[in-house]
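One structure is given below, encoded as structure tokens.
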Amino acid sequence: MNADKVLDARGLSCPMPVVRTKKAIDELKPGQILELHTTDSGALSDIPAWAKTAGHRVIEQSEDNGVYKFWIQKG
Amino acid sequence: MENNKSTLIVFSGDLDKAIASFIIATGSAAMGNQVTMFFTFWGLNILRKEQYVPVQKSFMDKMFAKMLPRGPEKLGISKMNFGGLGAKLMKYTMKKKNITTLKELIEMAKELDIKMVACTMSMDVLGIKKEELIDGLEYAGVASYLAEANEANINLFI
């Protein structure tokens, strides 16, 4: 999937993955896609919860060797 | 969704509770909420500058100033503090596990435009002057807090 921006948040703990994701998505235009990499297992439920509240959409997610990847479309 | 507000009263000056407060505050700001943190009583210690600031004080106020921790690095934890050793061990293990420090969280709160308010009555009680607190604060009392809390849908006392 093509992302307009990639955010590497690996190694960061709560609340930083969410905070950094917010800051990164602020720089995008509506409809653009942010690709997020994180190692925080809490992000599995945090990122979808954050996206729902903040009005964005998680269009795809995957796990690869302890790294969780999310593709988030700015709302 | 927009214009949602959150308020937190940070009464405690314990390191663990301060970290929890700032995690919730920065998290809420990341969710798009407008966040206000009110620091009162022991919570004011979190906002103290680390260095000594010479200001005119009464004898009692000087005693308070000496005995109370100056800034995020000096706070104790609410359980198993063991005269400060517990806090040191906690900070050591949190660093090893790459947990965000209180100092970093405070910086992040400023970056996210979280409003930090110091309670002026508590400042009077503890003899803390504005010069002794970090920059970028607002100063207010109970009515300002209540006015904010009235408009907010998340209000916490920590």
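Read the figures in this text as sums done on the coordinates, not as results from a lab. All values derive from a computational prediction rather than experimental measurement. Backbone-built Cβ (ideal geometry, glycine too); neighbour counts: all protein chains shown.
Here B:K57 passes the criteria (1) more than 14 Å from chain A (Cβ to nearest Cβ); (2) surrounded by fewer than 17 Cβ atoms within 10 Å (Cβ to Cβ); (3) in a helix (DSSP H, G or I) except the one numbered (3).
If you filter the stretch A:1-36 down to residues that are in a loop (DSSP other than H, G, I, E, B) and touching a residue at least 40 places away in the same chain (Cβ under 8 Å), you find that the one that is farthest from A:I72 (Cα to Cα) is A:R10. Of the residues that make up the stretch B:76-86, is at least one surrounded by fewer than 23 Cβ atoms within 10 Å (Cβ to Cβ), basic (K, R) and under 22 Å from B:I128 (Cβ atoms)? Checked against the condition, which is being surrounded by fewer than 23 Cβ atoms within 10 Å (Cβ to Cβ), basic (K, R) and under 22 Å from B:I128 (Cβ atoms), the stretch B:76-86 yields no hits at all.
Does A:W50 meet the test of being surrounded by 17 or more Cβ atoms within 10 Å (Cβ to Cβ), among the aromatic types (F, W, Y) and within 13 Å of another protein chain (Cβ to nearest Cβ)? For A:W50, the condition - surrounded by 17 or more Cβ atoms within 10 Å (Cβ to Cβ), among the aromatic types (F, W, Y) and within 13 Å of another protein chain (Cβ to nearest Cβ) - is met.
Within the stretch A:37-47, the set of residues being outside any helix (DSSP H, G or I) and within 14 Å of chain B (Cβ to nearest Cβ) comprises A:T38, A:T39, A:D40, A:S41, A:G42. Of the helices (runs of 4 or more DSSP H) that lie entirely inside the stretch B:67-129, not one contains 2 or more residues that are closer than 19 Å to B:A25 by Cα, among the hydroxyl-bearing types (S, T, Y) and away from chain A (no Cβ under 14 Å). Within the stretch B:41-68, being within 12 Å of the chain's Cα centre (by Cα) and farther than 20 Å from B:G141 by Cβ holds for one residue alone: B:K49.
This table checks each residue for (1) touching a Pro at 6+ places or on another chain (Cβ under 8 Å); (2) acidic (D, E).
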| residue | (1), (2) |
| --- | --- |
| B:N45 | yes, no |
| B:K62 | no, no |
| B:K66 | no, no |
| B:K97 | no, no |
| B:E111 | no, yes |
| B:E151 | no, yes |
